[in-house]
Amino acid sequence: MSRSNELSSVRRSVVKVFVRASPPNWTSPWQRRPQRGSSGSGFCVGDRQVLTNAHVVSDAVLVRVRRYGDAVRYPAKVVCVSPQVDLALLEVPDPAFWESPPALAAVDLSEEVPALDADVVAVGYPMGGENLCVTRGVVSRIDLMDYTFSPVGGERQLVIQVDAAINPGNSGGPVLDAFGRVLGVAFAAMRQGASIGYVIPGSVVRFFLKAAAASAGGAMDSSLCALGVRLQPARAPALRAVRGLDQGSGALIAEVAPLSAAAAAGVEAGDVLLAVDGVPVAEDCTVPFRDAERIGFDFLISRRVAGDAMRLQIWRGAEKELQLQAAPLPQLVPRTPGVDARPSYLVVGGLVFTRLTLPWLLARFSEEVRKAPAELQAKLWEHKEHADQEVVVLAKVLSADLNYGYEEFQCCELLRFGAGGAPVRSLKQLRAEVLAALRGEGEGGPAAYLRFCFSFNLEIVLDAEQCRTSHNEILRQYGIHQDCSSDLMDNSEIRSKL
């Protein structure tokens, strides 16, 4: 088949995606941001479904799709989304979208990683016009990348770098190889450089589609697996001599997260990681990939499904083999909206408490984490020690007579609550203890004061009776419909508010 015929066949399966979105307001989480419109690309993958990027339909309240050469925008709904692999699956229920001639067909998806300098064609609906756009280039590099572009890093997946033009609006569109097969999905470009575009490989797309199918329309676990260790390259000859290592093999395990898959398997700080599933790990923390290429060792972990059995070879005075099950790493500070981060809040006497998350830090400090207080920045690198452990912060104070004198308090970590100074483990636990104190469910009856102890020995004390009497008025004054986010309520409370 000629190149023009290949494109003619594929372009009929490429659609334009129209989105109206209302993002969450992380700094005032009882509200949402104003609606905004955007568009992207997508393509048919079978079973009346369209594949696009997760960021294209992020926070969508309305999604419509338009076929190539058609004027009608058909309603679509998001059925599965994974921000960490930046993919989403749409369902278009209207039969006319699929059956109007020519009938739409699924693309031919290739899981083969293309060779360097291989020809590629990007197809989609980028900015600059309404019609389908085609750009050409070659494969420039194969590497690993955190698809969320988190400023503090995240689980990395395989990525294809191309020099074909990828512009806003191309996101979600297919990238073809020389045989007309879809080798991946366009999703990003580096604006600081020239002709640097990024493509999600077919193998990652297939990984997502299998997970989506396994969820059978239910909630999809979109978290990627991680080993939960921090490695130090073992290049220094003296370090290798002390550890008894051969030249070129192994990387030092400097830290092990307490709730990680590695910790559950018995990995300890000070061990040397030699191999993962029999694939040797080099002194620079890389593993062999294809012919003469190398890639980060974490590729062997993040491509796994939770529950997969794995083997680690480590050095601890002698070589040992450990068995483990692949699993996501629970973060002390949630990082990804739609995965582990949600805009939660609790209002007590005008004090607004929230769970420390990376999206909240970015929203509060204008996308620059380095502007946040040092003690909150440090939490980004700490690990959970207990499954329900969270960092609770006082986000701000809604000024009222009740909290006079505390108006300037903000961005402080809450450590203890109550007369006894009980440690605060989570936002939900804090709410339960505040309600118990106000209702007199403890031994001493209703509390006279509510005491909140923060980092650096800062303290806020509120009159409990004033809290009870002025609570609703403070909420009304600031336009807050309920005193906490729904995720802090139990099911009976949620039902009573419906």
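What follows is calculated from the coordinates using simple rules that are stated; it is not laboratory data. A quick note: this is a predicted structure, and the numbers were derived from the prediction, not measured. Note: ideal-geometry Cβ built from the backbone for every residue, glycine included; neighbour counts use all protein chains shown.
Quick notes on this one:
- Available extension along the chain between Glu385 and Ser399 is 1.5 nm, counting 0.36 nm per residue and deducting the alpha carbon span.
- Ranking Ala21, Leu462, Ile314 by Cα position along the charge dipole of the chain, where only Lys, Arg, Asp and Glu carry charges on their C-beta atoms, puts Ala21 farthest toward the positive end.
- Sorting 252-264, 307-319 by their mean Cβ neighbour count within 10 Å, with the most densely packed peptide first, gives 252-264, 307-319.
- Note on segment 229-325: the C-alpha convex hull projects to 6.0 nm² when averaged across all orientations.
- Under the simplified labelling scheme, the His481-Ala194 pair shows an inter-label distance of 5.2 nm, with each label point 7 Å from Cα along Cα→Cβ.
- Size-normalised alpha-carbon gyration radius of segment 240-393, reference 2.2 N^0.38 Å: 1.28
- Cβ-based exposure ranking for Lys16, Lys396, in which fewest neighbours within 10 Å come first: Lys396, Lys16
- Whole-number D in µm²/s for the chain (Stokes-Einstein; Kirkwood sum over Cα pairs; 4 °C, 1.567 mPa s): 51
- Calculated FRET value between Arg290 and Asp490, using beta carbons and R₀ = 56 Å, to 0.05: 0.60
- Check: the chain dipole with +1 on Lys, Arg Cβ and -1 on Asp, Glu Cβ, in debye: 1040
- Going from the fewest other Cβ atoms within 10 Å to the most, the residues Tyr147, Tyr449 appear in the order Tyr449, Tyr147.
- On a per residue basis, the convex hull of the C-alpha atoms belonging to segment 119-206 measures out at 96 Å³.
- Mean Cα-pair separation over length for segment 312-457, i.e. relative contact order, pairs under 8 Å, 6 or more apart, %: 19
- Here segment 170-194 is scanned for amide nitrogen atoms under 20 Å from the site 7 Å beyond the Cα of Ala118 along Cα-to-Cβ, giving 172-188.
- Ordering 75-82, 365-372 by mean Cβ neighbour count within 10 Å, with the highest value first, yields 75-82, 365-372.
- By the rule of a C-alpha distance below 23 Å, with chain neighbours fewer than 8 residues away ignored, the lysines paired with Lys384 are Lys428.
- Compactness of segment 346-497 as Cα Rg over 2.2 N^0.38 Å, two decimals: 1.04
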